[in-house]
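Trainee: The structure under discussion is supplied below as structure tokens; questions concerning it will follow.
The values are calculated or read from the model by the stated rules, or taken from the named source; none is laboratory data. Computed from a predicted structure; not experimentally measured. No Cβ is skipped: glycine too gets one built from the backbone with ideal geometry, and neighbour counts run over all protein chains shown. Quick note on the areas: whole protein, heavy atoms, side chains included, nothing else; ligands and nucleic acids left out. Shrake-Rupley method; radii C 1.70, N 1.55, O 1.52, S 1.80 Å.
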Amino acid sequence: MIPQRHVSPEILMSFSAGALSSATAAIVAAHLDWCPVCRARLARLDILGGLMLERAPSAPVNVEAALAKWASAGAGSGLVHHPRGSGTPLERHLPTPLAAQTGFERASIPWRPVNDGVHLAEARLPGDGGLRFVKLDAGKTLPFGERVEAALVLWGELARGRETLLSGDFADGDDLAQGGPVALAAGCTLVLSVSASPSALG
């Protein structure tokens with residue numbers, strides 16, 4: 001299933017430039033592992049970034065013309081690289097980028113209960129902040145403490161206002177904070193990047 005909620009162009013551009021925190025970059029990479037739409041968009045941004053570096057500073061790039069050239073070139077030209085997803089069966093496994101960063105697997109996430117029907121697990125990453133895995137039973141809401149930068153639904157369904165987020169769907173922190181996210185009948189497991197100090201994690 002292709003995710004329906006994608007990474008914004010601004011966040012993808014920051015990912016392409018290596019400007020995201022390690023935790024948010026891990027979540028974006030996990031979404032990319034699922035999502036051919038965002039992989040194609042990232043390939044486009046990588047080409048634009050290369051053109052900008054190649055021509056800077058003397059000849060600025062006309063972004064619209066560069067995109068049109070990319071679109072007309074087609075995948076057969078060798079100009080465009082579409083990275084492939086890992087094909088990992090997500091019913092049993094974490095997305096490969098998250099498993100690589102944390103050492104966790106779906107069956108070995110070290111859950112700890114924090115409230116009735118809410119479980120957490122945390123992983124420190126280089127730099128400030130880290131990844132927070134949250135497992136919600138049906139009807140439970142997402143607990144907030146630290147500033148959430150980004151989130152990815154791993155398994156299950158999360159209702160946010162009138163919108164339902166499904167496996168693979170990406171949300172930035174501002175989007176997720178609106179609408180009081182609630183797990184639906186099957187429950188929901190998601191991963192968040194949080195901007196807390198490492199000592200606040202675990």
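Trainee: Ile2 is checked against (1) open to solvent by 30 Å² or more (accessible area, probe 1.4 Å); (2) more than 15 Å from Val153 (Cβ to Cβ) and fails just one. What number does that condition carry?
Mentor: Single failed check for Ile2: (2).
Trainee: Also: When the stretch 179-200 is examined, which residues are found to be farther than 13 Å from Val134 by Cα, at pLDDT below 90 and among the hydrophobic types (A, V, I, L, M, F, W, C)?
Mentor: Those that are farther than 13 Å from Val134 by Cα, at pLDDT below 90 and among the hydrophobic types (A, V, I, L, M, F, W, C): Ala185, Ala186, Ala196, Ala200.
Trainee: Can you tell me which residues in the stretch 168-178 are open to solvent by less than 50 Å² (accessible area, probe 1.4 Å) and at pLDDT below 90?
Mentor: Asp172, Gly173, Asp175, Leu176
Trainee: Please list, ordered by residue number, the strands (runs of 3 or more DSSP E) wholly in the stretch 93-137 having 3 or more residues that are of a type outside the set (D, E, K, R), modelled with pLDDT of 90 or more and out of contact with any Gly (no Cβ under 6 Å at 6 or more places or on another chain).
Mentor: Values: elements: 112-115, 118-124, 130-136.
Output list reads 118-124, 130-136.
Trainee: Thr141 is checked against (1) out of contact with any Ser or Thr (no Cβ under 7 Å at 6 or more places or on another chain); (2) crowded, with 18+ Cβ neighbours inside 10 Å; (3) in contact (Cβ under 8 Å) with a residue 24 or more places away in the chain and fails just one. What number does that condition carry?
Mentor: Unmet condition: (2).
Trainee: Restricting attention to the stretch 9-44, and to residues there that are closer than 15 Å to Pro97 by Cα and of a type in the set (Ser, Thr, Tyr), which single residue is least open to solvent (accessible area, probe 1.4 Å)?
Mentor: Thr24
Trainee: What pairs come out if I take residues in the stretch 1-29 that are without any contact (Cβ under 8 Å) to a residue 60 or more places away in the chain and under 14 Å from Asp172 (Cα atoms) and pair them with residues that are of a type in the set (Val, Ile, Thr) and part of a helix (DSSP H, G or I) whose C-beta lies under 7 Å away, six or more apart or interchain?
Mentor: Once the first residue is without any contact (Cβ under 8 Å) to a residue 60 or more places away in the chain and under 14 Å from Asp172 (Cα atoms) and sits in the stretch 1-29, its partners that are of a type in the set (Val, Ile, Thr) and part of a helix (DSSP H, G or I) give Phe15/Val28; Leu20/Val28.
Trainee: In addition: Quick check: is even one residue across the stretch 129-147 acidic (Asp, Glu) and within 16 Å of Gly187 (Cα to Cα)?
Mentor: Looking through the stretch 129-147, at least one residue is acidic (Asp, Glu) and within 16 Å of Gly187 (Cα to Cα).
Trainee: OK, next. For the stretch 45-62, does any single residue satisfy the condition of being open to solvent by less than 50 Å² (accessible area, probe 1.4 Å), modelled with pLDDT of 80 or more and aliphatic (A, V, I, L, M)?
Mentor: yes
Trainee: Among the residues of the stretch 100-115, how many are in contact (Cβ under 8 Å) with a residue 24 or more places away in the chain and either open to solvent by less than 60 Å² (accessible area, probe 1.4 Å) or more than 11 Å from Phe133 (Cβ to Cβ) (or both)?
Mentor: Final tally of qualifying residues: 6.
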